[in-house]
Each structure stands twice: as structure tokens, then as C-alpha cells.
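Enquirer: The structure under discussion is supplied below as C-alpha cells; questions concerning it will follow.
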Amino acid sequence: FEGNATHKANSTTKTFTVEKLDAPVSISVDETYYVNDTVIVVVDAVDGTVVTVNDEAFDGAKTSYAAGTYTVTAVFEGNATHKANSTTKTFTVNKLDSIVDIAVEEVYLVNDSIVIGVTAPAGANVTVNGEVFDASKTSYAAGIYTVVVSVGENATNKANSTSKTFVVNKKGPTDKEIDENDIFGVCNEEIKELIRIGILPDSIKGIEKGS
């Protein structure tokens, strides 16, 4: 006010600010997935927001991702009405466990039918004592055998391995190794019993190796 005949001059000022609006930018995604899972990434942002996944343009229709770690980034540079804003979120797609298993008994006798069951993904390496496993083979000589199943890591599965050992014995029903002395011993016990009950005369002697 410049003043006049009755009033002094006077003035005043007041400042106000019109703030830009906050720009909503959010990403929704779970932290952990496995290969073949459906991955849903939801981005809630104002128009003009640039969204990338590992620095590549985000495809909202994509739901399948290979094993790996992914960083989703949403960036809004701001405009005449909204402030700049950005956010990031990371998720991981893990490889699947490779299931490997061996089914075989621990002890067999010579001439037993030996069936070795192997559970493993296609392409697994299966050996018996270092030689390629033959699933049709069911007869093994006396000895100790180690079955090894291994599968390497690939794009979808982790590496894994397992092993199992079985023994093929030259054994009788008592699980005692049979040798020549055992055979002669059994025969002599039978001879003694036959003499005792009177079927064989006392003059009969036991048998010995080489007799």
C-alpha cells in the first residue's frame, strides 16, 4: 500500500509452494522359486515408468525363468506433476535337486539273482566297480561290488551322486564261508552219527583231504 492522506504506506508478502505428487512405484514378487515354477512379477507404477529385469525390458506376460538371480528395477524419471521415484526387487530361481537312488541288498550268495534298481535322471552315469552298469545282468561272481550313480549339473538340475556296496559270498545257509575243511567236517560228523546209531561199523574212519 503506497499510503495516502490518512494511512501510512504498508506491504506484506506470503509464499506458498505447489508440490509435485508422489509417483507410486512398487514391485511385487516372491523371493524364491524353482525351475518350472510360475513366476509372477507385478509392477504398480505411473505411466512412463521404465521396468527392467536384469537390465532387459520387462515382459509382464513372462512367467517362466531359467535358474538364476534376477533384479527387477522400476524407474520413473518424474514429470510436470509427479516426482521421480524408483525401486528394485530381487528374486532367485533355484535349480531342482537331482534324485538319485540305488536299491540293492547288502549280501547275496553265488547264483542268487541280483537285481539292482537305479533311480536317476536321464543321462546319469551308473557304474559297478568302475564298469558301465548293465541293467540286464543279474548274476555276479563272488566278490565285493560298489554301485555308483552320478549326475552332473545342468541348466535345470543340481549335480548329485550316491553309492551302495553289496557282497556276493560263497556261503551256506548259516552265513559261514564254506571251504574244504567245512565240507570234510560235516561229512565226518555224519559218519560219526551213523556209527553211533549202528548203521556203519566202528571200523569206518573219518575222511580226510586227499583220501
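The values are calculated or read from the model by the stated rules, or taken from the named source; none is laboratory data. The structure presented is a predicted model; accordingly, all values stated were derived computationally and were not measured. FYI the Cβ positions are ideal-geometry reconstructions off the backbone, even for glycines, and counts take in every protein chain you see. In case anyone asks, the SASA skips ligands and DNA or RNA and just uses the protein heavy atoms, side chains included. Shrake-Rupley method; radii C 1.70, N 1.55, O 1.52, S 1.80 Å.
Enquirer: Of all residues in segment 73-86, how many are in a strand (DSSP E or B) and surrounded by fewer than 16 Cβ atoms within 10 Å (Cβ to Cβ)?
Expert: Count: 1.
Enquirer: As an exercise: evaluate residue 114 against (1) open to solvent by less than 30 Å² (accessible area, probe 1.4 Å); (2) assigned to a strand (DSSP E or B); (3) farther than 30 Å from residue 44 by Cα and give the number of the one condition it does not meet.
Expert: (2)
Enquirer: If a residue has to be loosely packed, with under 14 Cβ neighbours inside 10 Å, part of a strand (DSSP E or B) and in contact (Cβ under 8 Å) with a residue 24 or more places away in the chain to count, how many in segment 145-165 make the cut?
Expert: Summing the residues that are loosely packed, with under 14 Cβ neighbours inside 10 Å, part of a strand (DSSP E or B) and in contact (Cβ under 8 Å) with a residue 24 or more places away in the chain in segment 145-165 gives 2.
Enquirer: Now a separate question. For segment 96-111, indicate whether the set of residues that are under 28 Å from residue 30 (Cα atoms), open to solvent by 50 Å² or more (accessible area, probe 1.4 Å) and in a loop (DSSP other than H, G, I, E, B) is non-empty. Even if it seems obvious, please write down each step before you answer.
Expert: Step one: list which residues in segment 96-111 are under 28 Å from residue 30 (Cα atoms), which gives 96-99.
Applying the additional criterion that residues be open to solvent by 50 Å² or more (accessible area, probe 1.4 Å) yields 96-97, 99.
Right, trim to in a loop (DSSP other than H, G, I, E, B) and you get 97, 99.
The answer is yes, given that some residue of segment 96-111 is under 28 Å from residue 30 (Cα atoms), open to solvent by 50 Å² or more (accessible area, probe 1.4 Å) and in a loop (DSSP other than H, G, I, E, B).
Enquirer: What's the total number of residues in segment 20-72 that are open to solvent by 30 Å² or more (accessible area, probe 1.4 Å), farther than 12 Å from residue 93 by Cβ, touching a residue at least 60 places away in the same chain (Cβ under 8 Å) and part of a loop (DSSP other than H, G, I, E, B)?
Expert: Residues flagged as open to solvent by 30 Å² or more (accessible area, probe 1.4 Å), farther than 12 Å from residue 93 by Cβ, touching a residue at least 60 places away in the same chain (Cβ under 8 Å) and part of a loop (DSSP other than H, G, I, E, B) within segment 20-72 amount to 3.
Enquirer: Determine, yes or no, whether residue 138 is within 30 Å of residue 65 (Cα to Cα) and at pLDDT 95 or above. It would help to see each step written out before you state the result.
Expert: Numbers: within 30 Å of residue 65 (Cα to Cα): no; at pLDDT 95 or above: yes.
In short, no.
Enquirer: Out of (1) farther than 20 Å from residue 163 by Cα; (2) open to solvent by 50 Å² or more (accessible area, probe 1.4 Å); (3) part of a loop (DSSP other than H, G, I, E, B); (4) β-branched (Val, Ile, Thr), what's the single condition that is false for residue 90?
Expert: Of (1) farther than 20 Å from residue 163 by Cα; (2) open to solvent by 50 Å² or more (accessible area, probe 1.4 Å); (3) part of a loop (DSSP other than H, G, I, E, B); (4) β-branched (Val, Ile, Thr), only one is false for residue 90: (3).
Enquirer: Scan segment 121-135 for residues that are surrounded by 10 or more Cβ atoms within 10 Å (Cβ to Cβ) and not charged (D, E, K, R) and jot them down.
Expert: Those that are surrounded by 10 or more Cβ atoms within 10 Å (Cβ to Cβ) and not charged (D, E, K, R): 121, 124, 125, 126, 127, 128, 129, 133, 135.
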